[in-house]
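Scroll down for the structure; my scribbles are underneath it.
Coordinate-derived values only; no laboratory data. Being a predicted model, the structure only gives us computed values, none of them experimental. Quick reminder, even Gly has a Cβ in these numbers, built from the backbone with ideal geometry, and neighbours come from all protein chains shown.
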Amino acid sequence: MSRSLHRWYLRAQVRLLLLLGQQHAVLERVDELLAMDAGDAHALATRAHVLAELGDKAAAVQALRQWVALQPTQAAGWFNLGFLSESLGHIDDAEQAFRRAIALDEKFDRAWYGLALCLIQQRRFEEAIVALKRNTELQPMSPFGWYQLARVHVDRQEPEEAARIIRHLRKFEPKVAAQLERETGLAQGQT
């Protein structure tokens, strides 16, 4: 079998095995593809995805680092690297990856949110507010950015700003607004 035909056959197997949920078999085929071509960006991305699904986040991060080295202008790769790095507690690495994703695509709302979470963990609230405001501009109907923004204002001893956000959330996400009221102690009468 020719090399290109064998590569096509392996890729077809990967697709089928992914559909069947056979992650370990997928990794075997992906590793075969990478043995044929260590610079196969698609295989590296697939490897990272499957490793993350299997719970091996550290190995997934390694695969993503290889992938972004091959595809440095792909914002999604940087976002995924940031997401997994943050989940492992590597906040500085995550922040850098999210910033890289944003530099490549300034409208990448999830990267702004991820950056904000990193900044919150570092207690850099001023910067977190900027990132969360950008996230909520890009995704105004998503409660996640609004929720975190309210929490940051509470942490900064700015209950009036948190109350304003709760009132705003009540219009389209009343359950999230009620959750914030319970968590912050900002009862409806105060907001």
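Okay, here's what the table says:
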quantity	calculated
Condition met for residue 131 (more than 24 Å from residue 67 (Cβ to Cβ), in a helix (DSSP H, G or I), among the small types (Gly, Ala, Ser) and free of Cβ contacts under 8 Å to residues at least 12 places away in the same chain)	no
Helices (runs of 4 or more DSSP H) fully within region 15-112 counting 3 or more residues that are aromatic (Phe, Trp, Tyr) and under 24 Å from residue 135 (Cβ atoms)	75-87
Which listed residue, of 79, 144, is buried (at least 17 other Cβ atoms within 10 Å of the Cβ), touching a Gly at 6+ places or on another chain (Cβ under 8 Å) and not charged (D, E, K, R)	79
